[in-house]
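Trainee: Next up is a structure, given as structure tokens.
Just so it is clear, none of the values below were taken in a lab; they were calculated from the coordinates. Source: prediction; values computed, not measured. For neighbour counting, all protein chains shown are included, and Cβ atoms are generated from backbone atoms with ideal geometry for every residue, glycine included.
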Amino acid sequence: MKQDMIVILDLGSTENTAVARQIRELGVYSEIHPHDITPQALKELENVKGIVLNGGENRVVDGAAVDIDPALYDCGYPMIAIDHPTARCEKRLETLPDKETLREFVFDTCHAQANWNMKNFIEDQVELIRRQVGDRKVLLALSGGVDSSVVAAMLIKAIGKQLVCVHVNHGLMRKHESESVIEVFKNQLHANLIYVDATERFLGKLAGVADPEQKRKIIGGEFIRVFEEEARKLEGIDFLGQGTIYPDIIESGTKTARMVKSHHNVGGLPEDLKFELVEPLKQLFKDEVRACGVELGLPASMVYRQPFPGPGLGVRCLGAITRDRLEAVRESDAILRDEFEKAGLDKKVWQYFTVVPDFKSVGVKNNARCFDYMVIIRAINTVDAMSATVERVDWDVLERITNRILAEVGNVCRVCYDMSPKPPATIEFE
Ligand code: XMP
């Protein structure tokens with residue numbers, strides 16, 4: 001890392017992430033480290049220009065009062081404390097720092113350069129990846145999600161054909177999603193991409209399974225098995241690329257424990273398939289990952305896409321998955337996305353999708369009684385997915401979507417709009 005860094009030492013604050021983000025917004029790279037970091041470990045971090053002691057009110061970590069190693073005070077780094085007074089610091093603050101105070105500390109006291117930007121970051125990572133990987137090969141499960149797509153683009157830039165991407169289509173992808181992964185990575189970026197259509201295999205395993213947790217387990221487990229089979233066919237691969245991002249690593253305010261992201265489902269590979277990890281995004285917050293993707297030339301539709309659960313449409317085709325209802329979910333979701341885009345709502349609403357319950361209701365089509373499925377539309381806004389509010393979608397837009405779903409999707413005679421906030425309802429239905 002050639003860029004200057006301000007280190008935040010976590011003395012039990014819940015605001016570490018907010019402070020790190022504030023510093024990065026000033027254009028200076030910032031990382032959170034545990035309070036008990038040794039002077040040696042601190043010196044090994046490159047280009048540290050200053051330290052923020054971030055202690056909240058009582059400087060408590062895991063129930064015990066804490067302080068940093070006293071030897072750190074003598075390392076010569078400028079320090080600022082965001083908590084109660086600490087005698088040997090440059091400056092004391094009682095509350096969260098305002099932007100001006102941080103700016104003064106970062107630029108006037110620490111003399112840090114505002115050189116944190118995606119262009120420099122990519123240059124750094126490309127060099128680091130080349131150093132780590134040499135002339136060996138990296139395997140990557142490319143789901144088409146934001147993180148794995150940006151990792152792929154970064155690795156392609158760094159090592160080209162030494163990256164082997166495996167895209168598993170579990171049959172629960174949105175309409176045209178696998179096609180767009182192939183178009184972007186194989187046709188445009190010339191990636192070494194293996195496409196596995198495992199639709200039949202997944203739907204076979206899921207047949208008759210109605211329990212949501214069981215469905216998730218089957219999808220996750222089967223994903224690992226398919227990926228493992230592909231990995232075993234390949235030879236001479238030493239590394240596994242992963243889309244780990246900074247929030248995956250800063251688990252909470254008090255621990256900086258390292259975690260391997262589990263929802264990308266490759267954490268469960270068998271012991272004998274041992275890979276060294278390549279995680280070029282592990283320093284980035286989500287919005288920085290997106291900015292990085294844009295800088296790497298990925299299309300906006302891929303980089304700014306809404307969150308999509310790992311088990312895909314499988315948890316939106318409620319109960320035991322059937323092909324006709326899965327198609328109804330996929331087609332109605334495509335219509336919803338198309339109309340949201342036309343209405344400009346795709347840039348405004350955090351997450352929106354359709355679900356199809358596993359029961360039918362009575363309707364009338366062509367002057368005859370019918371017995372068909374129902375589509376439920378959900379459109380929510382949230383900051384952290386822990387709570388969510390419902391988007392007040394314009395009535396005309398809802399009417400257009402409803403009419404299109406009723407006209408274009410077979411087996412559907414009813415469309416509903418979900419008005420439930422989270423809590424008590426979760427965002428997804430299963
Ligand atoms: P809930 O339904 O728990 O969803 O309110 C919160 C957010 O998480 C997403 N979600 C998942 N993502 N694997 C994922 O990768 C999953 O199994 C999963 N379940 C829910 C959901 O789409 C929402 O954004």
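Trainee: Just add up the charged neighbours of P39: K/R +1, D/E -1, any other residue whose Cβ is under 13 Å from the Cβ of P39.
Mentor: -3
Trainee: Work through the residues other than I23 whose Cβ is under 11 Å from its Cβ and net out their charges, Lys, Arg +1 and Asp, Glu -1.
Mentor: Working: positive: R21, R24, K49, K99, R103; negative: D4, E25, E31.
So the environment of I23 carries a net charge of +2.
Trainee: Something else about it: Amide H neighbours of Y417 under 5 Å, counting only residues 5+ apart in sequence or on other chains, H built in-plane at 1.01 Å?
Mentor: When sequence neighbours closer than 5 places are left aside, the close amide H contacts are I377.
Trainee: Nearest-5 percent of antiparallel DSSP beta bridges in the chain? Don't jump to the answer; show the numbers that get you there.
Mentor: On the way: 15 of 57 bridges.
Bridges in the chain are about 25 percent antiparallel.
Trainee: Would you work out which of V48, V356, P270 lies farthest towards the positive end of the dipole of the chain? Charges go on Cβ: Lys and Arg +1, Asp and Glu -1.
Mentor: Ranked along the dipole, the leading option is V356.
Trainee: I'd like the projected area of the chain, averaged over all directions, using the convex hull of its alpha carbons. Report it in nm² with one decimal.
Mentor: With every direction weighted equally, the projected area is 23.6 nm².
Trainee: Give the Kirkwood hydrodynamic radius (Å, one decimal) of the range 269-368, defined as one over the mean of 1/r across all pairs of different Cα atoms.
Mentor: 17.2 Å
Trainee: Using label points projected 7 Å from each Cα along Cα→Cβ, tell me how many nm separate N367 and D74, to one decimal.
Mentor: With each label placed 7 Å out from Cα toward Cβ, I get 9.8 nm.
Trainee: Just to compare against my own numbers: the Cα pair-distance distribution for the range 152-228, 5 Å bins, whole % per bin, please.
Mentor: Calculated P(r), rounded to whole percents: 3, 14, 22, 19, 17, 12, 7, 4, 1.
Trainee: Go through K186/K233; K137/K186; K2/K157 and tell me which ones have a Cα-Cα distance over 22 Å in this structure.
Mentor: none
Trainee: Here's another thing I want to ask about it. Could you identify which residue out of K137, K348, K365 has the top mean-square fluctuation in a GNM of the chain using Cα springs shorter than 10 Å?
Mentor: Result: K365 has the largest fluctuation of those listed.
Trainee: Give the order of C110, C413 when sorted by the count of other beta carbons within 10 angstrom, beginning with the fewest.
Mentor: Ascending Cβ contact count within 10 Å gives the list C413, C110.
Trainee: Additional query: If you average the sequence gap of Cα pairs under 8 Å that are 6 or more apart and divide by the length of the chain, what percent do you get for the contact order?
Mentor: 12 percent
Trainee: In addition: Name the residue, out of V60, V166, V28, whose mean-square fluctuation peaks in a Gaussian network model built on the chain with Cα pairs under 10 Å.
Mentor: V60
Trainee: Quick one: net charge around I194, please, counting Lys, Arg +1 and Asp, Glu -1 for every other residue with C-beta under 9 Å from its C-beta. Don't jump to the answer; show the numbers that get you there.
Mentor: Numbers: positive: K233; negative: E230.
Local charge sum for I194: 0.
Trainee: How big is the charge dipole of the chain about its Cα centre, in debye rounded to the nearest 20, if each Lys and Arg gets +1 on its Cβ and each Asp and Glu gets -1 on its Cβ?
Mentor: In debye, rounded to 20, the chain gives about 1180.
Trainee: Rg and Dmax of the range 86-199 over Cα atoms: what are they, in angstrom?
Mentor: Rg then Dmax for the range 86-199, in Å: 21.4, 64.
Trainee: If you don't mind, another one. Ranked from highest to lowest mean number of other Cβ atoms within 10 Å per residue, what is the order of the peptides 329-340, 33-44? Working shown, then result.
Mentor: Numbers: 329-340: 21.5, 33-44: 14.8.
In decreasing order of mean packing, 329-340, 33-44 become 329-340, 33-44.
Trainee: For the chain, take the longest principal axis of its alpha carbons; what is the angle in degrees between that and the long axis of helix 286-295, to the nearest 10 within 0 to 90?
Mentor: Computed tilt is about 80 degrees.
Trainee: For S301 and D272, what does the FRET efficiency come to when R0 = 25 Å and r is the distance between their Cβ atoms, rounded to the nearest 0.05? Please list the in-between numbers first.
Mentor: Working: r = 39 Å, r/R0 = 1.55.
Between S301 and D272 the formula returns 0.05.
Trainee: Tell me the Kirkwood hydrodynamic radius of the range 94-146 in angstroms, computed as one over the mean inverse distance between distinct C-alpha pairs.
Mentor: Taking every pair of different Cα atoms in the range 94-146, averaging 1/r and inverting gives 15.0 Å.
Trainee: Hey, can you grab everything whose amide H is under 5 Å from the amide H of N115? Only 5+ residues off in sequence or another chain; H modelled, so Pro and N-termini drop out.
Mentor: Counting only residues 5 or more places away or on other chains, the set is D4, Y29.
Trainee: OK, next. Restricting to DSSP H runs of at least four residues, report the calculated mean residue ellipticity at 222 nm for the chain, -39500 (n - 2.57) per run over all residues, nearest 500 deg cm²/dmol.
Mentor: Roughly -9500 deg cm²/dmol at 222 nm, from the helical runs in the chain.
Trainee: A further question follows. Helix 212-233: angle to the longest alpha-carbon principal axis of the chain, degrees 0 to 90, nearest 10?
Mentor: 70 degrees
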